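Q: So that we are looking at the same thing, I have put the structure below in structure tokens.
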Amino acid sequence: MRVLVTGGAGFIGSVTGRALRLAGHEIAILDDFSTGHDWACIGKQIFRADLRDRAGLDAAFGAFRPEAVMHFAAKAVVPESVANPGLYYDVNVVGSLRLLEAMRLVGCRKIVFSSSAAVYGTPEKSPIDEQAPQHPINPYGRTKKHFEEVLEDVRPADGLAYASLRYFNACGAAPEWHLGEIREPETHLLPIVIRATMKNQPFTVCGTDYETRDGTCVRDYVDVRDLADAHVRALERLRPGQGAAYNLGSELGTTVREVVAAVGKVLGKPVPFRDGPRRAGDPATLVASCAKARAELGWTPRRPLEESIRSVVEFLQSRGG
Ligand SMILES: NC(=O)c1ccc[n+]([C@@H]2O[C@H](COP(=O)([O-])OP(=O)(O)OC[C@H]3O[C@@H](n4cnc5c(N)ncnc54)[C@H](O)[C@@H]3O)[C@@H](O)[C@H]2O)c1
């Protein structure tokens, strides 16, 4: 299939682009490079455009004529969404609507959408399945929920096929493809802990008085290469007029202290950290149930956290630390 990968210069989009090519699909990338990187792009078909720019979208769709879209492009930093909600609605909702319109104009009726565990907000129970109530607690999560609802409304109206993939905490890297997560400032725990340890600069544990086994937040870390595999499976199972949402996680809860211990073990040295207060809006525990993705996509998360940590270390070392 010809697949347009929006956000293909970013962390998850770039790794998935490689996986799509390995699976025999032709890809093009559409990205504004606001957080993406030139070095992460593969292939010659790269459209430098903002999702909100109809002319840029039309040029890309006209030139590449995609049969499907993988839609990763988004603003995705929770505190920034609280500080600047208008930007988040503009890119994640308005931009995504423009993308859908560009798809409609060329008869492209398949989309795999990067949603998020943020749609659930503070869960009532754990693990979280797809039927859990959705009460997002920040603008970022609300924009993801809104666009999922748009897809579900458009589906019966004009035969759209979609999969909304709700990732939990994406982690790891694909050093074999020279791909991984680089953002400034870094906002995700695993690269923060690894970089702090490699540079011997302490990082802060945000909150040590949660109702969890050691007082720190429990999260579900899923390897980016496992996520890429789920995307290929979801794409290949899209059927006209059908849509579904899937949780993608490891189904294992890991506390911040356990992440620290695992990084220390892999790097063979102590992790420098200090304990700090809670951050506003952090639920104590977020762990996925992926029974639906197992049953319907035939997908299983395979890579344990230690393997993800090793992949990040290898990737960072290959870039000079
Ligand atoms: N990383 C995670 O743990 C996680 C968890 C849940 C959901 N997600 C979702 O997965 C997707 C990818 O996340 P990521 O971690 O790879 O982030 P990322 O920032 O590395 O990638 C996002 C890409 O989108 C591009 N982009 C942003 N705004 C754009 C615009 N207006 N027009 C065109 N391109 C634009 C960026 O340049 C970047 O290449 C996002 O939709 C995010 O919300 C990520």
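Read the figures in this text as sums done on the coordinates, not as results from a lab. Please read all numbers here as calculations on a predicted model, not as lab measurements. Heads up, the Cβs are rebuilt from the backbone with ideal geometry, glycines too, and the neighbour counts pull from every protein chain shown.
Q: When DSSP assigns beta bridges and you keep just the ones with both residues in the chain, what percent turn out antiparallel, to the nearest 5?
A: 5
Q: For segment 250-321, would you read off the P(r) tail past 20 Å as a percentage of all alpha carbon pairs?
A: In whole percent, the share of Cα-Cα pairs in segment 250-321 beyond 20 Å is 50.
Q: Okay, which of segment 84-122 sit inside 13 Å, backbone N to the point 7 Å along the Cα-Cβ direction of A59?
A: What the label zone holds, given the 13 Å backbone N cut-off, is no residue at all.
Q: Let me ask you something else. For D209 and E186 in the same chain, what is the full-extension length gain: residue separation times 0.36 nm, less their Cα-Cα distance, in nm?
A: 5.9 nm
Q: Give me the angle, in degrees from 0 to 90, between the Cα long axis of helix 11-22 and the longest principal axis of the Cα atoms of the chain, rounded to the nearest 10.
A: Tilt of helix 11-22: around 60 degrees.
Q: Looking only at GluC sites (Glu not before Pro) in DSSP loops with at most 11 other Cβ atoms within 10 Å, what is the longest site-free stretch of the chain?
A: 1-123
Q: At what distance in angstrom do the alpha carbon centres of segment 40-77 and segment 79-121 lie from each other?
A: Measuring centre to centre over Cα atoms gives 13 Å.
Q: Here's something else I'd like to know. Would you mind giving the three semi-axes, in whole Å and largest first, of the ellipsoid equivalent to the chain according to its Cα gyration tensor?
A: Semi-axes, largest first: 31, 22, 18 Å.
Q: Using every pair of alpha-carbon atoms in segment 110-238, split the distances into 10 Å bins beginning at 0 and state the percent of pairs per bin, rounded to integers.
A: Percent of pairs per bin, in order: 10, 31, 36, 17, 4, 0.
Q: Sticking with this one: Measuring from centroid to centroid over Cα atoms, what is the spacing of segment 290-308 and segment 202-255 in Å?
A: When both Cα centres are located, 10 Å separates them.
Q: How large is log10 I(q)/I(0) at q = 0.21, 0.22, 0.25 Å⁻¹ when the Debye formula is applied to the Cα atoms of segment 197-293, each weighted equally and without solvent?
A: Result of the Debye calculation: -1.08, -1.13, -1.27.
Q: Continuing with this model, one more query. Starting from the Cα gyration tensor of segment 1-153, multiply each eigenvalue by 5, take the square root, and state the resulting semi-axes largest first in whole Å.
A: 26, 16, 16
Q: Taking every DSSP beta bridge that has both residues in segment 101-207, what percent is antiparallel when rounded to the nearest 5?
A: The antiparallel proportion sits near 10 percent.
Q: How far apart, in nanometres, would the label points at K125 and R302 be if each is projected 7 angstrom from Cα along the Cα-to-Cβ direction?
A: In this crude label model, K125 to R302 measures out at 3.2 nm.
Q: Let me ask something else. Helix 256-267 versus the longest principal axis of the chain: what is the Cα-based angle in degrees, 0 to 90, to the nearest 10?
A: 80
Q: Sticking with this structure for a sec: Cα axis of helix 139-158 to longest principal axis of the chain: angle in degrees, 0 to 90, nearest 10?
A: So the helix axis and the longest Cα principal axis differ by about 30 degrees.
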